[in-house]
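The values are calculated or read from the model by the stated rules, or taken from the named source; none is laboratory data. Quick caveat, the model's predicted, so the values are computed rather than measured. Every residue, glycine as well, gets a Cβ built from its backbone with ideal geometry; the counts of neighbours run over all protein chains shown. For the accessible areas, the whole protein counts, side chains as well, though only heavy atoms, and no ligand, DNA or RNA atoms are used. Shrake-Rupley method; radii C 1.70, N 1.55, O 1.52, S 1.80 Å.
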Amino acid sequence: MAERVEQRLEDRIPELEQLERVGLFSRTEVRAVLRKASALEYKIQRRALRKEDFINYIQYEINLLELIKKRRARIGYSFKKDEIEHSILHRVHSLFNRATGKWKDDVQLWLSHVAFCKQWNAKHQLSKVFSTMLAIHSNKPALWIMAAKWEMETRLSSESARHLFLRALRFHPECPKLYQEYFRMELMNAEKQRKEKKDFEKAKMDLGEFNYSEEILSGEMARIVYRDATQKIKGVEFQLAVLSIAKLFDFTQDLQKEILENLQTNHADDPLTWDYLARRELGLGALQPSEHSTKQQKVSELARREERCGAVFDEAVGAVPTEDMWKCYITFCLERYNRKTNSEELKQKRLERTLSVFSRAHESNLLPEALYKQWLQLLLQCSLSEKAVEVAEAATRRFSLSVETWQNRLRVLIQLQREDVTPCFEEAIKHVKSKGTLPLWTLWVEWSEATNSKEDTEALYQRSLCATTPAESVTMKEMYLDWTYRNHGYKKAKRVFTSLCENRPFSLDFFRKMIQIEKEQESCKMLHLREYYERALREFGSTDTDVWLDYIKEELNHPQGKPENCGSIHWRAMKMLQGDLVEDFVSKYTLLQTGHL
């Protein structure tokens, strides 16, 4: 091993001598580089190889390259690159090759090598890296796309990119993303060749020696890719993705027409098809901007286009009466309503359309549950209070088991300060199963705190502890303790804490809250703090290190504390904590002893 390391260090000597001779590095720096290189070489020559050692070595070499680059720029010296940088680059590539050969499954390592090749413009080496990587990771479409894009955009080789895409499709014959990028590549190639041909014709050059295929120029290759893809991929999302790519190129009108016809023929019952067709009306028949068109004309034209969109959506909900279709329609209406406009008339039209669509969807029993909340917000925003109450009630009739729907109704009643809030809470608790009712109870007690008497609120807290599941009651205990302290003071809070401690489960925050309450008292007693910490440790002593450390800090810092107890607390912690928590506790305890925690 030592002989190999010495040989590698000797191989470095010519480049280091050049660095010193041309004044990029001093003799001291050269020696420092040799020492560091020696240490790194020994690490990667061991029997038990570690990936981190290779990464550290590679990073050191890259940092060295960056430093040489900065030094060259500073002194204005640009010669001897073959003797200096070339040697280091070769060494980095060798390190990457060894590392990726050893840890073939580490995709991030391969991508780091790719990034390095791109940074230092090592095209020949990068081609080899892609070839080897794809042979091992042929199951990852994203890597094929990356390699093909590099061939197309950097090496300007459409043939190589096409070859890679075809190979990738043998492994992933039903991958939509691969087909999309292949389709895009063919259109980019067609656009590039069309520009080249146009430039040559403009310069009146003879095109005899250049072979421009009419199939490629017209986008026929992309059409072939599209037709092949539609045989294997049936989803409407793919059709829309391909159509959006085709629209980026101005010579694809026929291709766009074909995709659109396929959409309407094969996916006429899909909401996304109708959504696209409706939104397409916004861009059709738009006024050409001119100096003579007034603001009123522009607003009128926009209103007409939005009405055309609405007409298509109306046809859609008739043809495809589903929740998803209504959701698309409502989403469109809300988007248009939320767009800024100075025209009050247009804003009013948008509002009326949106409210009308919400009502029609609700009447058809096809309004999705999640959209009721947005409808209620819109009604309250427009000061339509009675309608909001009516809609909220109808929503809870339709989704009587949904906690969120009941929450929305209750929030509306609370916001409007209605008298029937309590009966509504009672009705909600009756309909919803006990598991999952925590949001309703927290909302109820928060409302009660602000509205009802202290006696009513306390009774509600006590009722919630019995009504919620054990896991959910943990939150209610914390809230009850906090409310009691704020409204009734320390003594009552201590009594409530003691009574609540009789029924598990608890949260650590419950105990921390009581500790905090005790520490806020003028006569804070260490005896009480010890009781609370001991209770917390009985529940969480095996799973939490911080509570042990806080207990130790309390004994050290409290005027009534006993520092001599710290040893026994430490010993108990070491016995109770599980697994890696012991090591974590020891580290933190050491920091505490040295004053760093």
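Carbon and sulfur: what percent of the range 531-596's accessible surface (1.4 Å probe)? Mind showing how you got there, number by number?
Working: 1870 of 3710 Å².
Ligands and nucleic acids excluded, carbon and sulfur reach 50 percent.
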Using only the alpha-carbon atoms, what does the range 387-433 span along each of its principal axes? Please give whole angstrom values in decreasing order.
27, 19, 13
Each label point is 7 Å from the Cα along the Cα-to-Cβ direction; what then is the distance between the points at Glu446 and Lys234, in nm?
4.7 nm
List the aspartates and glutamates whose Cα sits under 13 Å from the Cα of Lys513, skipping any in the same chain fewer than 8 residues away.
Glu478, Asp482
For the range 252-404: rounded, prolate or oblate by the Cα gyration tensor [a/c cutoff 1.5]:
oblate
Dipole of the range 22-162 (Lys/Arg Cβ +1, Asp/Glu Cβ -1, origin at the Cα centre): which of Ile62, Trp103, Thr132 lies farthest to the positive side?
Ile62
Lys and Arg at +1, Asp and Glu at -1: neighbours of Ser473 with Cβ under 13 Å from its Cβ sum to +1
Counting only protein heavy atoms and rolling a 1.4 Å probe, one gets per residue an accessible area for the chain in Å² of 55 Å²
With a cut-off of at most 11 other beta carbons within 10 Å, and DSSP calling the residue loop, which GluC sites (Glu not before Pro) in the range 523-557 qualify? Please list them.
none
Expressed in square angstrom to the nearest 10, the accessible area of Met576 with a 1.4 Å probe stands at 70 Å²
Return the sequence-ordered ³J(HN,Hα) values of the range 411-428 in whole Hz as given by the Karplus equation 6.51 cos²θ - 1.76 cosθ + 1.60 applied to θ = phi - 60°, using x for Gly and Pro.
5, 4, 4, 5, 4, 8, 6, 7, 7, 8, 5, 4, x, 5, 4, 4, 5, 4
Decide, for the range 481-571, between rounded, prolate and oblate: order the square roots of the alpha carbon gyration tensor eigenvalues as a ≥ b ≥ c, take rounded if a/c falls under 1.5, and otherwise choose prolate if a/b is larger than b/c, else oblate.
oblate
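Rounded, prolate or oblate, given the Cα gyration tensor of the chain, with a/c below 1.5 counting as rounded?
Details: a/c = 2.70, a/b = 1.13, b/c = 2.40.
The shape class here is oblate.
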If the chain between Leu416 and Leu591 were fully stretched, how many nm would it gain, using 0.36 nm times the residue separation less the Cα-Cα distance?
57.5 nm
What distance in nm separates the simple spin-label points at Ser87 and Lys123, each placed 7 Å from Cα in the Cβ direction?
2.7 nm
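Note down the net charge around Ala493, summing +1 for each Lys or Arg and -1 for each Asp or Glu among other residues with Cβ under 11 Å from its Cβ. Walk me through the numbers on the way to the answer.
Values: positive: Arg486, Lys491, Lys492, Lys494, Arg495, Lys513; negative: Asp482, Glu518, Glu520.
Neighbour charge sum, excluding Ala493 itself: +3.
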Qualifying aspartates and glutamates (Cα of each under 13 Å from Cα of Lys69; at least 8 residues distant if same chain):
Glu61, Glu85
Contour excess over end-to-end distance, with Cα ends at Asn565 and Lys430 and 0.36 nm allotted per residue
43.4 nm
At 1.4 Å probe size, what's the solvent-accessible area of Trp483? Round to the nearest 10 Å².
10 Å²
Would you mind listing how long the range 101-193 runs along its three principal axes, going by Cα atoms, in whole Å with the largest first?
41, 31, 15
Starting from a Cα-only point model with no solvent, please compute log10 I(q)/I(0) by Debye for the range 531-596 at q = 0.15, 0.28 1/Å.
-0.42, -1.38
Among the listed pairs Lys491/Lys553; Lys36/Lys80; Lys349/Lys373; Lys430/Lys492; Lys102/Lys123, those beyond 27 Å (Cα-Cα)
Lys430/Lys492
Expressed as a whole number of Å, what is the distance separating the alpha-carbon centroids of the range 86-125 and the range 353-385?
57 Å
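Note down the net charge around Arg279, summing +1 for each Lys or Arg and -1 for each Asp or Glu among other residues with Cβ under 11 Å from its Cβ.
So the environment of Arg279 carries a net charge of 0.
Using the Cα centre of the range 531-596 as the reference point, and only Cβ charges (+1 on K/R, -1 on D/E), how large is the resulting charge dipole? Debye, rounded to the nearest 20. Please report the intermediate quantities before stating the final value.
Working: 7 positive and 12 negative charges, 36 e Å.
It works out to roughly 180 debye.
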Beyond 16 Å, how much of the Cα-Cα pair distribution for the range 1-103 remains, as a whole percent?
58 percent
Measure out, as a whole number of angstrom, how far apart the alpha-carbon centroids of the range 9-77 and the range 539-563 sit.
50 Å
Mind checking the full-extension length gain between Val582 and Lys454? Use 0.36 nm per residue of separation minus the Cα-Cα distance, one decimal, nm.
41.5 nm
If I model a spin label as a point 7 Å beyond the Cα along the Cα-Cβ vector, how far apart are those points for Asp314 and Lys51 in nm?
6.1 nm
